[in-house]
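Asks: After the structure tokens below, expect a handful of questions from me.
Here, each number is a calculation from the coordinates, and none is a lab measurement. Small disclaimer: the values here were computed from a predicted structure and weren't measured. Note that each Cβ is placed from the backbone with ideal geometry, even for glycine, and that neighbours are counted across all protein chains shown.
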Amino acid sequence: MQALELNNALHYRLDKAVPDIGAGEALIRMTLAGICATDLELVKGYAGFSGVIGHEFVGVVEAVGSKSDSVWLDKRVVGSINIGCGDCAACLGAGPEHCLQRKVLGIRGRDGAFADYLRLPVANLYQVPAGVADEEAVFTEPLAAALRVVGQLELLSVGKVAVVGPGRLGLLIAKVLALAGYDVEVLGRSETSLALPAQWGLRTGLTRSVPDNSYHFVVDASGQSGGFAEALRLTRPRGIVVQKSTFSAAEAVDLGKLVVGELTIMGSRCGPFDAALALLEQGVLPLRSMVDGRYRLIDGMAALRHAGQAGVRKILLQP
């Protein structure tokens, strides 16, 4: 099968073996996949991953490893990306996201979705509602990650929120926060980067124009160490930075304000797929306006170069 495989460098392959599946697993034919900032960072060396990259996908179940799972055959699905051991306290409690032995689709110890086929446990699958198109369903994973921020802030007394980074994930985070009733401002480095957030009805501003210590709550979705530094600058003493970005950075970040300002850094990763699909079914998100390109998998190297350009949001891959 075709695959985009990372092994020191990224390569397009035509000779990758179709994955074997075991009991409780499904073989999924990928129909559409999305490139995200984490994929770009993996290529730069983030997390030291080797294998097929990609974790945002929609596909069709073509085979299952257990007869009892045959109900999934031919179903159009998306899938949560964490595969836990199934036995530890984390897996038996909140779920596999923090299992110390977990594998993560296309990120940690498990080949991902930038291939003709991928495998996942049936327990990770979610059927896509009939009214949700592939071009919308492919956003399920990042939308779930955005909804995770909403869930974390629900536990706090939050008023005004700044989202640093109007890119792929930042735009989704800002929109779901606004839909949840928060007073949100999207901050970017240029007027051009803020055009789409404004089109989505979000309040926007230039990061450099905002004074220090302007917000009690700041979400960093910039995907860059410079964005994290800006998030620290913008946060008031004893404020909270919700850190959504993952990045591979060689430059140092000054963490002095973290100590002096007694800031809280709240990490935020994966979120609820069922809630994301329910929101997609409502049709309240203009997701197709985020798509800046669509490539065949054979042109995947060019697709990742395009996705890495400044100002580009979602690039899609299809077999």
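Asks: If Lys and Arg each add +1 and Asp and Glu each add -1, what is the summed charge of the other residues whose beta carbon sits under 13 Å from the beta carbon of Gln309?
Replies: Working: positive: Arg168, Arg305, Arg313, Lys314; negative: Asp292.
Local net charge: +3.
Asks: While we're on this one: Given a cut-off of under 8 Å on Cα pairs at least six residues apart, what relative contact order in percent is computed for segment 146-267?
Replies: The normalised contact order for segment 146-267 reaches 22 percent.
Asks: Give me Asp183, Asp220 ranked fewest to most by other Cβ atoms within 10 Å of their Cβ, as a rough exposure proxy.
Replies: Ordered from fewest to most neighbouring Cβ atoms within 10 Å, Asp183, Asp220 come out as Asp183, Asp220.
Asks: Please work out the C-alpha center-to-center distance from segment 34-59 to segment 214-250 and express it in whole Å.
Replies: 22 Å
Asks: Another question about this same structure. With springs only between Cα atoms under 10 Å, which of Leu14, Leu40, Leu177 fluctuates most in a Gaussian network model of the chain?
Replies: With Cα springs under 10 Å in the chain, the top fluctuation among Leu14, Leu40, Leu177 is at Leu14.
Asks: Still on this model: Given Cα pairs under 8 Å that are at least 6 residues apart, what percent is the relative contact order of the chain?
Replies: Details: 721 pairs, mean separation 60.4, N = 319.
Taking the mean separation of contacting Cα pairs over the length of the chain, I get 19 percent.
Asks: So what are the ³J(HN,Hα) numbers for segment 136-153, from phi and the Karplus equation (6.51, -1.76, 1.60; θ = phi - 60°), rounded to whole Hz, Gly and Pro as x?
Replies: Running phi through 6.51 cos²θ - 1.76 cosθ + 1.60 with θ = phi - 60° gives 9, 4, 5, 8, 4, 5, x, 5, 4, 5, 5, 5, 4, 5, 4, x, 5, 6 Hz.
Asks: Which of the aspartates and glutamates could a cross-linker span from Lys160 if the Cα-Cα distance has to be under 16 Å and same-chain partners fewer than 8 positions apart are dropped?
Replies: Partners within reach: Asp183, Glu185, Asp212, Asp220.
Asks: Treat the count of other C-beta atoms within 10 Å as a stand-in for reagent exposure and order Val219, Val78 from fewest to most. Can you show the working numbers first?
Replies: Working: Val219 32, Val78 29.
Listing Val219, Val78 from fewest to most nearby Cβ atoms yields Val78, Val219.
Asks: For a quick check, take a GNM of the chain with Cα springs below 10 Å and name the residue from Ala130, Ala174, Ala307 with the largest mean-square fluctuation.
Replies: Highest fluctuation among the options: Ala130.
Asks: A follow-up question, please. Holding the Cα-Cα limit at 25 Å, pick out from Lys16/Lys103; Lys103/Lys257; Lys175/Lys257; Lys16/Lys44 the pairs that are longer than that. Provide the component values of the computation, followed by the final result.
Replies: Values: Lys16/Lys103 20 Å; Lys103/Lys257 34 Å; Lys175/Lys257 29 Å; Lys16/Lys44 22 Å.
Result: Lys103/Lys257; Lys175/Lys257 exceed 25 Å.
Asks: Let me ask something else. Can you list which of the GluC sites (Glu not before Pro) found in segment 139-195 are DSSP loop residues with at most 12 other C-beta atoms within 10 Å?
Replies: Working: sites: Glu154, Glu185, Glu191; in loops: Glu154, Glu191.
Within segment 139-195, the qualifying GluC sites (Glu not before Pro) (loop, at most 12 other Cβ atoms within 10 Å) are Glu154, Glu191.
Asks: Net charge around Asn7, counting only other residues with Cβ within less than 14 Å of its Cβ (Lys, Arg = +1; Asp, Glu = -1)?
Replies: Values: positive: Arg13, Lys16; negative: Glu5, Asp15, Asp111.
That sum, taken over residues with Cβ under 14 Å, equals -1.
Asks: Cross-link candidates for Lys67: which lysines have Cα within less than 17 Å, leaving aside residues fewer than 8 places away along the same chain?
Replies: Output for Lys67: Lys75.
Asks: Taking the DSSP beta bridges in the chain as the whole, what percent of them are antiparallel, to the nearest 5? Let's see the in-between values first.
Replies: Numbers: 31 of 60 bridges.
Taking every DSSP beta bridge within the chain, about 50 percent pair in antiparallel fashion.
Asks: Around Glu135, under 10 Å between beta carbons, what's the net of Lys plus Arg minus Asp minus Glu among the other residues? The partial results should precede the final answer.
Replies: On the way: positive: Arg288, Arg294, Lys314; negative: Asp134, Glu136.
With Lys, Arg at +1 and Asp, Glu at -1, the net is +1.
Asks: Take Phe247, Phe228 and order them by how many other Cβ atoms sit within 10 Å, fewest up front. Please list the in-between numbers first.
Replies: Values: Phe247 18, Phe228 24.
Result, fewest neighbours first: Phe247, Phe228.
Asks: Continuing with the same structure: What relative contact order, as a whole-number percentage, does segment 214-293 give when Cα pairs under 8 Å and 6 or more residues apart are counted?
Replies: Values: 100 pairs, mean separation 21.4, N = 80.
It rounds to 27 percent for segment 214-293.
Asks: Can you work out ³J(HN,Hα) from phi for every residue in segment 157-166, in order, using Karplus 6.51 cos²θ - 1.76 cosθ + 1.60 and θ = phi - 60°, giving whole Hz and x for Gly and Pro?
Replies: 8, 10, x, 7, 10, 9, 10, 8, x, x
Asks: Among Cys36, Cys88, Cys99, determine the one that fluctuates most according to a GNM of the chain built with springs between C-alpha atoms less than 10 Å apart.
Replies: Answer for the Gaussian network model of the chain: Cys88.
Asks: Per residue of the chain, what 222 nm ellipticity follows from adding -39500 (n - 2.57) for every DSSP H run with n ≥ 4, rounded to the nearest 500?
Replies: On the way: 10 runs with 80 residues, N = 319.
So the calculated ellipticity at 222 nm is -6500 deg cm²/dmol.
Asks: Another question about this same structure. Based on the Kirkwood radius over alpha-carbon pairs, what value in µm²/s does the Stokes-Einstein equation return for the translational diffusion coefficient of the chain at 37 °C and 0.692 mPa s? Working shown, then result.
Replies: On the way: Rh = 20.1 Å.
Calculated translational D: 163 µm²/s.
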